[in-house]
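Just below is one structure, and these are the notes that go with it.
The values are calculated or read from the model by the stated rules, or taken from the named source; none is laboratory data. Keep in mind it's a predicted model, so treat the numbers as computed, not measured. All Cβ positions, glycine included, derive from the backbone under ideal geometry; neighbour counts span all protein chains shown.
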Amino acid sequence: MLCAALMSLGLATAGRAEDGPIKLGVLNDHSGAYATIDGPSSVDAARMAVEDFGGTVLGRKVEIIGADHQNKADVGAAIARKWLDVDGVTAIVDVAVSSVAFAVQELARERNKIVIFSGAGSSDLTGKACSPTSVHWTYDTYALTAGTAGALARQGGNSWYFITSDNAFGAALQRDATAALKAAGGSVVGTSLHPAPTADFSSFVLQAQASKAKIIALANAGDDTKNAVKAGREFGLSGQQQMVGLLTLLPDVHGLGLEAAQGLLLTESFYWNANDEARAFSKRFFARNHAMPHMVPAGVYGGVLHYLKAVKAAGTTDSAAVMKAMRDLPINDVMTKNGRVREDGRVMRDFYLFRVKSPTASKEPWDYYDLVATIPAEQAARPLSQSECPFIRRK
């Protein structure tokens, strides 16, 4: 009788899990240095995707939950573990900050669950740390540097000094930028490492200024990028020395103001003012979040939408079946046309090199970018022939 009761309880629990809501967890920074470029706005972008999809898939309601990982790998891993082991989350999305992303990716791999990265940047996520259940959706350090470093070196900006955050993301960003720079005939004349976050960049900027490098490259993000740009303006960086933000996003430019940010070169995969479809989505996003979207929340929106399409196509939430469908289905959303998920998990899409406008050139609020060049998908992604992904190499 006891065995029968336990079997009945197990079947009932399994039935409730199959009939209950499909839960997606958006994990990012809600309170730290990256909260203004990600955080709650990306959680809302995920909810917008669910709403636009219709709110249900396979007859089940889709729920979005969000959490703050505080930019700490152990905190992020603990949240992800509870989501996957206790709360029944079928996929984790965003995971800004590369150190947290590596920890979450390993957990998802062990539990055969899907993770879709938007805010994390290290190209190692589809390289030596790759996983068959993860997708690097929005950008990586290779894409950020493939256009910017190569284009500047070819235009004469061939000597670089790096101001780099002392973490996994900063190291990957400088490594990939250095490779692109040297391939274009440039050289690195020096580096300053700084803790993340850092408020005062005076000493780092002065060292960069003394190096006489033509390009001072900021291999950091969020408040660190803004503080470094402000310090550069205070110390009169101009003329023969140009400051470049290797991960500078629309909220960073907005926070700095065009007077301080004008002339900065940056790479993104989405711009709100690029076309009518982007403008329509962005105005909806602005009405809810009081800021225009950039590539990270737009990527969360696209990643969630593609995941739900794949679940519908697969007829199940089984990770292997859904991952196959994600690779098989073309990606068409507000930021990507005819993109695809490559076998290593890297999304193939075009990127764009922008220059920040001067105050007089801006025609309306948030009108901040001029397009300099389009970087085709095959140039923006590290070739598979150079991949360190173990299961790609074996194949």
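What the table below lists for this structure:
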read-out	value
Selection within segment 312-342 - without any contact (Cβ under 8 Å) to a residue 24 or more places away in the chain and either among the hydroxyl-bearing types (Ser, Thr, Tyr) or surrounded by fewer than 19 Cβ atoms within 10 Å (Cβ to Cβ) (or both)	Ala313, Asp318, Ala321, Lys324, Arg327, Asp328, Leu329, Pro330, Asn332, Lys337, Asn338, Arg340
Members of segment 28-51 that are at pLDDT below 90 and over 25 Å from Asn332 (Cα atoms)	Ser31, Gly32, Ala33, Tyr34, Ala35, Thr36
Pairs with Cβ under 6 Å, 6+ apart, first in segment 230-249 and closer than 13 Å to Ala260 by Cβ, second in a helix (DSSP H, G or I) and hydroxyl-bearing (Ser, Thr, Tyr)	Ala231/Ser202; Gly245/Thr225; Thr248/Thr225
Whichever residue in segment 132-151 is surrounded by fewer than 24 Cβ atoms within 10 Å (Cβ to Cβ) and modelled with pLDDT under 90 and, among such residues, is farthest from Glu110 (Cα to Cα)	Ala151
Residues of segment 141-192 that turn out to be farther than 21 Å from Ile375 by Cβ and polar (S, T, N, Q), as a count	7
Test result for Ser269, in contact with a Gly (Cβ under 8 Å, 6 or more places away or on another chain) and touching a residue at least 60 places away in the same chain (Cβ under 8 Å)	yes
Among residues of segment 105-148, those that are of a type in the set (Ser, Thr, Tyr), in the same structural domain as Gly302 (by TED's automatic domain parsing) and touching a strand residue (DSSP E or B) at 6+ places or on another chain (Cβ under 7 Å), counted	4
Test: residue in segment 252-261 that is among the acidic types (Asp, Glu) and modelled with pLDDT under 95	yes
Cβ-Cβ under 6 Å pairs, at least 6 apart or on other chains, segment 297-310 side buried (at least 24 other Cβ atoms within 10 Å of the Cβ) and hydroxyl-bearing (Ser, Thr, Tyr), far side outside any helix (DSSP H, G or I) and modelled with pLDDT of 95 or more	Tyr307/Ala91
In segment 183-195, the residues that are under 26 Å from the mean Cα position of the chain (by Cα) and assigned to a loop (DSSP other than H, G, I, E, B)	Ala184, Pro195
Within segment 337-395, considering residues that are closer than 19 Å to Leu125 by Cβ, assigned to a loop (DSSP other than H, G, I, E, B) and among the small types (Gly, Ala, Ser), the one modelled with the lowest pLDDT	Ser387
Filter result for Ala108 (part of a loop (DSSP other than H, G, I, E, B), buried (at least 18 other Cβ atoms within 10 Å of the Cβ) and out of contact with any helix residue (DSSP H, G or I) (no Cβ under 6 Å at 6 or more places or on another chain))	no
In segment 231-253, residue nearest to Tyr301 (Cα to Cα) [restricted to those that are of a type outside the set (A, V, I, L, M, F, W, C) and buried (at least 18 other Cβ atoms within 10 Å of the Cβ)]	Pro251
Lone unmet requirement of (1) at pLDDT below 95; (2) in contact with a Gly (Cβ under 8 Å, 6 or more places away or on another chain) for Lys72	(2)
Those residues of segment 185-202 which are farther than 20 Å from Asn227 by Cβ and hydroxyl-bearing (Ser, Thr, Tyr), in sequence order	Ser187
Residue list for segment 54-76, filter: over 18 Å from Ser41 (Cα atoms), surrounded by 15 or more Cβ atoms within 10 Å (Cβ to Cβ) and of a type in the set (Val, Ile, Thr)	Val57, Val62, Val75
Cross-chain or 6+ apart pairs with Cβ under 7 Å, segment 158-186 first and among the charged types (D, E, K, R), then in a helix (DSSP H, G or I)	Asp176/Ser123; Asp176/Thr141; Asp176/Tyr142; Asp176/Thr145
Test for Gln155: is it within 28 Å of Met348 (Cβ to Cβ) and free of Cβ contacts under 8 Å to residues at least 24 places away in the same chain	yes
Checklist (1) in contact with a Leu (Cβ under 8 Å, 6 or more places away or on another chain); (2) among the aliphatic types (A, V, I, L, M); (3) within 19 Å of Ser165 (Cα to Cα) applied to Ala108, failing item	(3)
Failed criterion for Asn275 (all others in (1) under 30 Å from Lys128 (Cα atoms); (2) at pLDDT 95 or above hold)	(1)
